[in-house]
Amino acid sequence: GWALRRNPDSPLHRTAFRLALGLALVAVPAQILSGDISAKHVAEHQPMKLAAAESLFVTQTGAPLAVGGLPDEEAGELRYAIEIPSGLSFLAFADFDAEVAGLDQVDRSLWPPVAVVHVGFQIMVGCGFAMLGLVGLGGLAWLRGRKVPARAPWCDRRYLTLAMLATPLGLIAIEAGWVVTEVGRQPWVIQGYMKTADAVTPMPQLVVPFTVFTLLYVFLGVVVVVLLKNHVMVTLPGDGDPAGGRRESASGARS
């Protein structure tokens, strides 16, 4: 998106954008479907993780699906949420009247950190549906662009801006999903058999290698960003051919 905003006529970046959008039109809905299947598995095998993700404090039939909101663990309620009646029962068990286990099914000491899991889940789902909306708009614009080329998504600066701003959403969704997975299973390392506190052993000797590997990955990340930036900047002056940009730079240097 950024490269096309700077050079709208670049065939290279138009092709790259079409390829990325085409892939996203398949991958994003498939990922949401995969998430739905995973949620049904969680509802069956890790009901307290689902209860924490939805901040469902009380077992209910026809449980509502919560959108947003802030959980109050002391009061045992979810504040400021938009609730879709019976939505959670349907998504978890394909039955609007199904019973969904709440956090009241276990002792308070066995609850996962509800606020962390709930907010992480909302961020993950929000990013997923934001990407679905973005690629849906892009798909519609692509169809319109077949008749009127100027209406194609790669010709719309506003859409390119949205696509550029949405770049980190996939990574944010992955990290938020990881938080839901790992924090949501607490306090268990093996569900119902061993708690995390019983499985963890102190390993002070890992501090040095952990620090070294962290710094190494930060360094490699900076290198990747610099290389990608240089590659993009090389292609921008030319007509979309990476080699063309290099040839121009080389000829300029020789002169």
* Inter-site label distance for ILE84 and THR59 at 7 Å from Cα along Cβ, in nm -> 2.6 nm
* Full-extension gain in nm, VAL116 to VAL218, via 0.36 nm per residue minus C-alpha separation -> 34.1 nm
* Just check the range 10-107 against the gyration tensor rule for me: Cα atoms, a ≥ b ≥ c as the square roots of the eigenvalues, rounded for a/c under 1.5, and otherwise prolate or oblate depending on whether a/b exceeds b/c. => prolate
* Asked: From the square roots a ≥ b ≥ c of the eigenvalues of the alpha-carbon gyration tensor of the chain, which class results: rounded (a/c under 1.5), prolate (a/b over b/c), or oblate?
  -> oblate
* Nearest-20 debye value, the chain charge dipole, Cβ charges on Lys, Arg, Asp, Glu -> 1920 debye
* Efficiency of FRET between ALA30 and LYS229 - r from beta-carbon atoms, R0 30 angstrom, step 0.05 -> 0.45
* Structure fact -> In degrees, nearest 10, the alpha-carbon axis of helix 169-184 is tilted away from the dominant principal axis of the alpha carbons of the chain by 20 degrees
* Using only the Cα atoms of the range 125-235, build the gyration tensor, take square roots of its eigenvalues as a ≥ b ≥ c, and label the shape rounded, prolate or oblate: rounded if a/c is under 1.5, else prolate if a/b is larger than b/c, else oblate. => oblate
* Structure fact -> With Cα coordinates, the longest principal axis of the chain makes an angle with the long axis of helix 207-235, in degrees rounded to 10, of 40 degrees
* Structure fact -> Within the range 90-133, the residues whose backbone N lies under 20 Å from a label point placed 7 Å from the Cα of ALA20 along the Cα-to-Cβ direction are 127-133
* How high is the relative contact order of the range 2-197, given as a whole-number percent (alpha carbon pairs under 8 Å, six or more residues apart)? -> 24 percent
* **Virtual spin-label span in nm between ALA130 and ALA94, 7 Å along Cα→Cβ** => 3.2 nm
* Quick one: length gained pulling ILE172 to ASP107 fully straight, 0.36 nm per residue minus the C-alpha distance? -> 20.2 nm
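Computed from the coordinates by the stated procedures, all read-outs in this text should not be read as laboratory data. These numbers come from a predicted model, not from an experiment. In this analysis, Cβ positions are derived from the backbone assuming ideal geometry, glycine residues included, and neighbour counts consider all displayed protein chains.
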